[in-house]
1. Just one of (1) at positive phi; (2) among the polar types (S, T, N, Q); (3) open to solvent by less than 30 Å² (accessible area, probe 1.4 Å) trips up Ser79, so point out which.
2. Does segment 44-60 contain any residue that is aliphatic (A, V, I, L, M), in contact with a Leu (Cβ under 6 Å, 6 or more places away or on another chain) and touching a residue at least 40 places away in the same chain (Cβ under 8 Å)?
3. Given segment 99-205, what helices (runs of 4 or more DSSP H) lie entirely inside it while holding 2 or more residues that are touching a Gly at 6+ places or on another chain (Cβ under 6 Å) and over 23 Å from Asn71 (Cα atoms)?
4. Only one residue in Thr215, Thr178, Thr194 is under 20 Å from Thr123 (Cβ atoms) and polar (S, T, N, Q), so which one is that?
5. Filter segment 85-140 for residues that are open to solvent by 70 Å² or more (accessible area, probe 1.4 Å), charged (D, E, K, R) and over 25 Å from Thr209 (Cα atoms) and give the result.
6. Identify, by number, the condition in (1) open to solvent by 10 Å² or more (accessible area, probe 1.4 Å); (2) modelled with pLDDT of 90 or more; (3) farther than 25 Å from Tyr265 by Cβ; (4) not charged (D, E, K, R) that Ser217 doesn't meet.
7. Out of all the residues in segment 14-32, is one or more touching a Lys or Arg at 6+ places or on another chain (Cβ under 8 Å), modelled with pLDDT of 85 or more, open to solvent by less than 60 Å² (accessible area, probe 1.4 Å) and under 28 Å from Asp54 (Cβ atoms)?
8. For a quick check of your reading of the model, give me the residue pairs whose first member lies in segment 119-144 and is closer than 14 Å to Met75 by Cα, whose second is of a type in the set (Lys, Arg), with beta-carbon atoms closer than 9 Å and at least 6 apart or on different chains.
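The values are calculated or read from the model by the stated rules, or taken from the named source; none is laboratory data. Predicted, not measured: the structure shown is a model, and the values here were computed from it. Cβ atoms come from the backbone with ideal geometry, glycine included; neighbour counts cover every protein chain shown. Ligands, DNA and RNA are stripped out before the accessible areas are found, and what is left, the full protein with its side chains, is counted by its heavy atoms. Shrake-Rupley method; radii C 1.70, N 1.55, O 1.52, S 1.80 Å.
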Amino acid sequence: MSRKKVFSSILQIVCWGFSLVVLVPFILILLNSLKPSAEAAFFSMSFPSEIKWDNYVNAFVKGHVLRGYYNSLVMSSVSAVLGVVFAALASFIIVRSTNLTNKLLYGYFFFGVVATGNMVTTTMIMSKLHLMNSITGAILLLATQGISFAMLLFTGFIKGIPRELDEAAVMDGAKAETLFFKIIFPLLKPVTVTGFMLNFLGAWNGFETQLYILTDSKKWGAILSMYGVYGEFSSPWSKDWGLISAYIVLTIIPVLIVYLIGQKYIIEGMTAGAVKG
C-alpha cells in the first residue's frame, strides 16, 4: 500500500472519530426520546424496553412545538431577508466608493464579526426604543447580528464584478435603485443564498437573543421553548427526560433539513466569495 493511501486511510479514521463526537450525543437523545421517563433518566445507549411515542405527542400537546416552529420561522426568515438585503446594499457602496469614511465603516462592520455582542447595552437600547418583548424587536436584532458576516461575503464577491457594468447601466439611463436591484443584485445570487442560509440558521438557534428580548413565552421560538419545557417538566426530584429528549429531537429536525437542503449553496457561496475576493 502506498504512503498516500495509508495517509488517506488514517485521515478517514480521524474524521470518523471526530464525527462520533457529534453523532453520539444525537443518538443518545434520539434513544432517550423513545424511552419511558424512568428509563430515560439513566442516559444509557441501550435500546428502549418499550417504544414511547407518547413523548412526541406530549411535546406537541404540552410543549407547544408548533407555536415554537411558527415563531422561529417568522423571526428567522424575515431577519435573514433583511440581513442579506441591507448587507448587500452596504457592501456595494463600500466597494464602489473607496473613500476614508467607507474604509472606516468597513472596519466597523468587520469588528462585528470578531467582537462579542454585549446584551446589557443591547437590552438597554431595545428598551429605549420600546422593542423589548416584541417579535419585531427580535427580528431587527437578529437581522443586525447577521449583517457583519454577510458583508464579508458580499464585499469579496462584488469586487469581482467589473465597474464597467455600472458605467454602462448609468449611461443607458439606469437610476441607482435600478442599477443595484435589477443589474447587480441578481449577480450576487450565490452569496445571497449563502448569507440567507447562514443568517437563517443563526437566527433559528439564537437562544441568547430571544432569552433577553422576549419575556412572553408565547413569543418564544423553538429553541427557547425547549428551555421552557425543561423548566416546566423538571424539578429538583425528577425530570421527564423522555419528553425533554423528544422536544430536543423535534427542534433539531428543521435545522437539519434546512442544512441538508442548503449545504450545497453554502459551500458554493463561500468558495465563490473567496475566489472573487
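1. The failed condition is (1).
2. yes
3. Numbers: elements: 100-114, 119-128, 135-158, 163-171, 189-204.
Answer list for segment 99-205: 135-158, 189-204.
4. Values: Thr178 fails: under 20 Å from Thr123 (Cβ atoms); Thr194 fails: under 20 Å from Thr123 (Cβ atoms).
Thr215 is the lone residue from the list that is under 20 Å from Thr123 (Cβ atoms) and polar (S, T, N, Q).
5. Lys103
6. (2)
7. Start the filter on segment 14-32 by keeping residues that are touching a Lys or Arg at 6+ places or on another chain (Cβ under 8 Å), which leaves none.
No, segment 14-32 contains no residue that is touching a Lys or Arg at 6+ places or on another chain (Cβ under 8 Å), modelled with pLDDT of 85 or more, open to solvent by less than 60 Å² (accessible area, probe 1.4 Å) and under 28 Å from Asp54 (Cβ atoms).
8. Listed by first residue and then by second, the contacts come to Asn133/Lys219; Ser134/Lys219; Ile135/Lys219; Ala138/Lys219.
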